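Trainee: Let me give you the structure first, and then I'll get to my questions.
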Amino acid sequence: MKILIVEDQEEKLDSIMKFLQSHFCNHDVEFKVGRSLRSGLALLVQEQGVALIILDMSMPNYDPSDSDPNGGAPEGFAGMRFLEHMELRGLSIPTILITQYSTFADGQYSIEELDEKLSSSYGDFYKGFVHYSSASTDWHKGVTEYLRGVFSC
């Protein structure tokens, strides 16, 4: 099973990968990782047979480099832009948003408002969001619920 994860924070990425590896215990899991909007989109186009996408909402536009260690200005709605590209390409791969933030655009949108917008716009493949916290494993329950709706394990 091939899983694409688009996430720029190393600790969060490791935590998500460990959880998914344990959840899909009876499957051979291959992770493809994009650390920015652009690298995630490149993998989306290059990789065939992706069964699941785990997506961050806020991330840099491109991967960090020696010349720009931040990967450009942070993109607050990068996840939404990623979903727009999926729709334009006619891709309906189940996608779960995992974010540490509860508000976006300097508090203009709550995660619940954003979830409602994403569900109405991309409901064919957008499965929902999970609020991530490195201080607890409560986010595991949310991911598990969405995965049950898509896979059996």
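Throughout, read-outs are computed from the coordinates displayed, never taken from laboratory work. Just so it is clear, the model here is predicted, and its values are computed rather than measured. Every residue, glycine among them, receives a Cβ derived from its backbone with ideal geometry; neighbour counts consider all protein chains shown.
Trainee: Whole angstrom only: what separates the Cα centroid of region 90-138 from the Cα centroid of region 10-85?
Mentor: 14 Å
Trainee: While we're on this one: For the chain, what's the relative contact order in percent, using C-alpha pairs closer than 8 Å and at least 6 residues apart? Show your work: numbers first, answer last.
Mentor: On the way: 239 pairs, mean separation 31.2, N = 153.
Taking the mean separation of contacting Cα pairs over the length of the chain, I get 20 percent.
Trainee: Ranked by Cβ crowding within 10 angstrom, fewest neighbours first, how are Asp68, Asp106 ordered?
Mentor: Sorted ascending by nearby Cβ count, the order is Asp106, Asp68.
Trainee: Rounded to the nearest 0.05, what FRET efficiency do Glu112 and Asp28 have when you use their Cβ-Cβ distance and R0 = 41 Å?
Mentor: 0.70
Trainee: Glu11 to Asp66: FRET efficiency via 1/(1 + (r/R0)^6), r the Cβ-Cβ distance, R0 25 Å, to the nearest 0.05?
Mentor: 0.65
Trainee: Based on Cβ point charges of +1 for Lys and Arg and -1 for Asp and Glu, what charge dipole magnitude is obtained for region 2-148 about its Cα centre, in debye rounded to the nearest 20?
Mentor: Computed about the Cα centre, the dipole is about 400 debye.
Trainee: Sorting Ser119, Ser136 on the 10 Å Cβ count, fewest up front, what's the list?
Mentor: Ser136, Ser119
Trainee: Taking 0.36 nm per residue of sequence separation and subtracting the Cα-Cα distance, how much length would be gained by fully extending the chain between Ala105 and Glu84, in nm to one decimal?
Mentor: 5.7 nm
Trainee: By how many nm would the segment from Thr144 to Ile93 grow when fully extended, if each residue of separation counts as 0.36 nm and the alpha-carbon distance is taken off?
Mentor: Once the chain is fully extended between Thr144 and Ile93, it gains 16.7 nm.
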